[in-house]
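Novice: Next up is a structure, given as structure tokens.
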Amino acid sequence: MPLPRLRRATTPAAALTLPHPPAETGIVHLGLGNFHRAHQAVHTAAALRHTDGPWGILGVASHSATVARAMRDQEMAYAVVEISPDDTRVTVPAVHTGALVATEQPAELLDALAAPTTAVITLTVTEHGYTFSPRTGGLDLDAPAVRADLRGATPPRTTIGQIVRGLQRRIRTHARPVTVLSCDNLAGNGTQTRRLVHEFTQALPAAERDDLTPWLESAVTFPNSMVDRIVPATTDTYRHAVATHLGVHDTVPVPAEPFSMWVMEDRFAAGRPHWETGGALFTDDVEPYELLKLRLLNGTHSLIAYLGALDGRETIPDATARPFIAEAARAVLHDDYLPTLTVPTDIDPDHYIGQLFDRWANTALGHRTRQVGSDGSVKLRQRVPEPALFHLRAGRMPHHLALTVAAYLCCVAPRPGFSPGPHATAMADPARETLATIAGRSATASGPPFVAAVLDSGLLGDGLRDHPDFAARVSELIDLIVRHGPAAAAADAAGT
Ligand code: CS2
């Protein structure tokens, strides 16, 4: 007999983290992906268990309708399947009050952003969703979607365009304050979002700017935040886990590791849930937490993913089980990233690092190298250039950061006669075309001129183009990967 579909009524009470879904929507969330559903939604449900409030979340999917439709079919319920090698826990946060698809319901989206009851707009749209210019790191005013949003003849499609159009409507109707909270892996994610919103506003025709700029200054805050939870893509394994644990069929469960961390600045313009009772930490200075996580976890993760994919490994735990990859991960973490950080006083670095290796080794989770390796062009810019410059300016070569860039370029820049393997080939990256063009101009995707041209394109920020020694080291390591494989390159980076 087919299982009943997951709905609040069919869910065993023990799995429901909230006895009643919130009645009011106080948060509009852009980016209804797995990460949000296993992180912010879970922390919000945990907070609401302690202190009730008008903090239901309206989830907005940017493009794909699958999750939003399934959630609507399931009365906004979905399961979080928390997986560790020895345990599986299934819970149902049910904290959403609705689910929209931005491309299908643009008017509802703007209404929600402008609603006087909306106090917080949160975002998990991935690094790629911020429409950064690959050259300036600011808003990409050349991107056709950004230009269309600035013209405003059609509903806004970019996240920044949607936010600004929503805020514009807000100021025209009631001008109540609101907070925009980025929960993406960007250094200074609030500061960067604020910059993009201001740049978009400045690029609007004068007549359309209303009093937007002074109002943005006085009524809208953009706190910085650090978010952390490993959340792979959903597969049938997790649907089966829900069926086994809850006896219902959920088409869109979310897998997650047990670990979860959320640190934010307490600068909310119009109130917020008591997230501290749901496991979040508030601080005046998020930067040390952000950099710690962005470099030690995300930076090392990228190296593991690229070396792993080139070595034919499908998952991160498979990759870290390879001694040369575990060694390279330790080296990049300890030698190249750690010296660039001020570790927050409440974190014990040895414990934190030990935990990272345990988290990456979570075989039950099956996080794929292709998922972590995707969008490297936008991710690496947040992870690699600053630490690399820290060392280069002090006259030291960060060999394992050079290896990270080399392995990335081997995965996504085509070179004749070399196949990076199926996991690298499956990595999506907005810069694939640009890299192919640069490779075409340099005759091949290796050699110092190719790497110099990549650095010159601004793909990894500005500073690295002034360090030809870094380009030369990346080029040597590319050569080793192509001729002898990733293990040989890792041995060379380690100086062995
Ligand atoms: C990963 C992150 O895909 C990636 O680039 O490094 O998604 C990572 O799993 C999360 O940031 C963990 O919090």
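Readers should treat all values here as calculations from the given coordinates under stated rules, not as data from a laboratory. Owing to the predicted nature of the structure, the values given are computational and were not obtained by experimental measurement. A quick note on method: Cβ atoms are made from the backbone with ideal geometry, for glycine too, and the neighbour counts reach across all protein chains shown.
Novice: Provide Rg and Dmax in Å for the stretch 91-202, with only Cα atoms included in the calculation.
Specialist: Computed over the Cα atoms of the stretch 91-202, radius of gyration and Dmax are 14.1, 44 Å.
Novice: Explain nothing, just the number: relative contact order of the chain, from Cα pairs under 8 Å at least 6 residues apart, as a whole percent.
Specialist: Values: 961 pairs, mean separation 72.2, N = 496.
Value for the chain: 15 percent.
Novice: Express in nm, to one decimal, how much length is gained between Y352 and A143 on full extension, taking 0.36 nm for each residue of separation and deducting their alpha carbon distance.
Specialist: 71.3 nm
Novice: Express as a percent, rounded to the nearest 5, the fraction of DSSP beta bridges in the stretch 23-166 (both residues included) that run antiparallel. List each step's numbers first, then the result.
Specialist: Numbers: 6 of 20 bridges.
So the antiparallel bridges in the stretch 23-166 amount to around 30 percent.
Novice: For the chain, what is the percent of antiparallel DSSP beta bridges, rounded to the nearest 5?
Specialist: Values: 12 of 42 bridges.
Of all bridge pairs located within the chain, approximately 30 percent are antiparallel.
Novice: Based only on other Cβ atoms within 10 Å, what is the fewest-to-most ordering of C183, C410?
Specialist: Ordered from fewest to most neighbouring Cβ atoms within 10 Å, C183, C410 come out as C183, C410.
Novice: How many angstrom lie between the Cα centre of the stretch 449-496 and the Cα centre of the stretch 403-435?
Specialist: Cα centres, the stretch 449-496 to the stretch 403-435: 13 Å.
Novice: With Kirkwood's inverse mean 1/r over C-alpha pairs for Rh, give me the Rg to Rh ratio of the stretch 242-325, two decimals please.
Specialist: Rg divided by Rh gives 1.11.
Novice: Where a ≥ b ≥ c are the square roots of the eigenvalues of the C-alpha gyration tensor, would you call the stretch 187-345 rounded, which needs a/c under 1.5, or, failing that, prolate if a/b is larger than b/c, or oblate?
Specialist: Prolate, because a/c is 1.5 or more and a/b exceeds b/c.
Novice: Using label points projected 7 Å from each Cα along Cα→Cβ, tell me how many nm separate T88 and R415, to one decimal.
Specialist: Between T88 and R415, the simple spin-label model gives 4.2 nm.
Novice: Could you work out how much longer the chain between T117 and H174 gets when fully extended? Use 0.36 nm per residue separation minus the Cα distance between them, nm to one decimal.
Specialist: Using 0.36 nm per residue and subtracting the Cα-Cα distance, I get 19.4 nm.
Novice: Just how many % of Cα pairs in the stretch 1-117 lie over 18 Å apart, if you round to the nearest whole percent? Present the calculation step by step, with values, prior to reporting the outcome.
Specialist: On the way: 3456 of 6786 pairs.
Value for the stretch 1-117: 51 percent of Cα pairs lie more than 18 Å apart.
Novice: Can you give the percent of C-alpha pairs in the chain whose distance is more than 29 Å? Can you show the working numbers first?
Specialist: Working: 62470 of 122760 pairs.
Everything past 29 Å amounts to 51 percent.
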